[in-house]
1. How much area per residue is accessible in region 38-142 when the probe is 1.4 Å and only protein heavy atoms are counted (Å²)?
2. Sorted by mean Cβ packing within 10 Å, highest first, what order do the peptides 224-234, 81-91 take?
3. Nearest 0.05, what FRET efficiency do Gln146 and Ala70 give at R0 = 35 Å with Cβ-Cβ as r?
4. Whole number please: convex hull volume per residue of the Cα set in region 191-260, in Å³?
5. Roughly to the nearest percent, how much of the accessible area of region 131-270 is carbon and sulfur, given a 1.4 Å probe?
6. Take the eigenvalues of the Cα gyration tensor for region 9-130, scale each by 5, and report the square roots as semi-axes in whole Å, largest first.
7. Cα convex hull of region 79-157: how many Å³ per residue?
8. For region 89-228, report the % of Cα-Cα distances exceeding 23 Å.
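The values are calculated or read from the model by the stated rules, or taken from the named source; none is laboratory data. Quick caveat, the model's predicted, so the values are computed rather than measured. Note that each Cβ is placed from the backbone with ideal geometry, even for glycine, and that neighbours are counted across all protein chains shown. Ligands, DNA and RNA are stripped out before the accessible areas are found, and what is left, the full protein with its side chains, is counted by its heavy atoms. Shrake-Rupley method; radii C 1.70, N 1.55, O 1.52, S 1.80 Å.
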Amino acid sequence: MESPSSASAASQVDFYGFLDRMRRPAAAGLFRSIKSFLTLDDPSAEADGARVQAFYAAMEAAFREHPLWANATHQEIDHALEGLEKYIMTKLFDRTFGASPEDAAADAEVSERIGLLQRFVRPEHLDIPKVLHNEASWLLAVKELQKINSFKSPRDKLLCVMSCCQVINNLLLNVSMSNDRTPSGADEFLPILIYITIKANPPHLHSNLKFVQLFRRETKLVSEVEYYLTNLISAKMFIVNVDGRSLSMEENEFQMHMETAKLGTQICAASLSSPQGSATSTRGLQKQTDTEGSRFPFMDSETESLTAAELKQMHRLYRQVVTRYTSLSKALRKLSIDEDQLRASVDDDS
């Protein structure tokens, strides 16, 4: 299979070659067919997907019978179909990409969840061996995946996925060769792809994957392409359904990390929303602390007056406080917020 970089250049050649032929007088009938198809009503992504695939098949037959492609090779017909796909899907993009409220909600859910996971998930949580830790390769893969939202054609979006996955695959091959390891398979490829997807948090991930699945020519979603696309879909599903066991940790630890990440996100949002954001978020935390104060009934009690049962309850509450304090301190350190300054601002507001 051709490399993503050469495929990207070929995509441009196919597209402009297709447009050049469509401008010829002999192509007037074909052009009218395409224009007529683009005026279809009743937008629905799934229904459009079936209609578009049927149109690809019909146009392939029309190209093969047309004088402009007389005696054309299979490759030349394929180039024309690539140009056709890019042309019609660029024209239909606004109608077919993330067009439903459900798609928009799914995109938001995936993006928000990845944003939380970014704050605490590390390679070891996905059981990625240290020998495969390579920040340079990972960064390159992240950048390739983040490009997916910059294109409007299914092929170009898919090339971004291919570029990302081939960076990972090359890393696995290089490590296997240099360390005399058994070539890595899906057991090591998928965890790295999941980690890359979390690091990248590509915009509209759900809609991009759906768009490629529905509108890329079905005959092209085979072999290595199908394998990489399926793995990215699996990575997205892992992220949507992730829990403690998925990340090799206890469920209560996972939930604690998620709550801490949410708190960190809220603090960042409050800080960015106004010049007084830091003080505003601090007052919010103070109010929350005041509200929770009723849950700690022994603040003003004398030690000698407590029963054995009350001492046991106080010890349980103490452990909760320490756990929350530790989590909050970690969140503040990740956000580069000075803990002493935060406490001082709380005192000023009280």
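1. On the way: 5300 Å² over 105 residues.
Result: 50 Å² of accessible area for each residue.
2. On the way: 224-234: 16.6, 81-91: 20.4.
Ranking, from highest mean packing down: 81-91, 224-234.
3. So the FRET efficiency works out to roughly 0.20.
4. Numbers: hull volume 6.8 nm³, N = 70.
In region 191-260, the Cα convex hull volume per residue is 96 Å³.
5. Working: 3290 of 6260 Å².
Percent of accessible area from carbon and sulfur atoms in region 131-270: 53.
6. With the √(5λ) rule applied to region 9-130, the semi-axes are 39, 20, 11 Å.
7. Working: hull volume 10.6 nm³, N = 79.
Per-residue hull volume (Cα only) is 135 Å³.
8. Values: 3733 of 9730 pairs.
The proportion of pairs with Cα distances above 23 Å equals 38 percent.
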